[in-house]
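Enquirer: After the C-alpha cells below, expect a handful of questions from me.
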Amino acid sequence: MSLNRIYILALAGLMLGAHGVPAMAADCAAAARQVAASTGGDLLSAVPAPDGSNSCMVTVIVPANDGQPPRKITRRVPAS
C-alpha cells in the first residue's frame, strides 16, 4: 500500500474527528498486504468492516489465467 493511500486514510479520519480511524486504517493496511500476497492480486480497497467488528473488508483484483477474465475478490479478514 502506498504512502499516498495511507495518508488519505489518516486525513479522512482526522476530518471525521474519530480518534480510532487512523489506528484501524493501519490495521487494515496490514490485512490488505496479507490478502494481496496470498491471492497474488492487486489491492483495490481495504476498509474497516461496516458492522464495527475488529475486521476489514479487503478487495483485490486477481489476474486472469487460462483465458479467463480477471476476478474481483472481497475477503473479510481480522484486522492485524
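Enquirer: Might you let me know whether region 18-35 holds any residue that is of a type in the set (Lys, Arg), surrounded by 15 or more Cβ atoms within 10 Å (Cβ to Cβ) and at pLDDT below 95?
Expert: yes
Enquirer: Please specify each residue of region 40-80 satisfying the condition of being farther than 18 Å from residue 30 by Cα, part of a strand (DSSP E or B) and out of contact with any Pro (no Cβ under 9 Å at 6 or more places or on another chain).
Expert: Result: 72, single match.
Enquirer: Go through region 65-80 residue by residue and tally those that are in contact with a strand residue (DSSP E or B) (Cβ under 8 Å, 6 or more places away or on another chain) and either without any contact (Cβ under 8 Å) to a residue 40 or more places away in the chain or exposed (fewer than 12 other Cβ atoms within 10 Å of the Cβ) (or both).
Expert: Here the count works out to 6.
The values are calculated or read from the model by the stated rules, or taken from the named source; none is laboratory data. Note that the structure is predicted; figures quoted are calculated from it, not measured. A quick note on method: Cβ atoms are made from the backbone with ideal geometry, for glycine too, and the neighbour counts reach across all protein chains shown.
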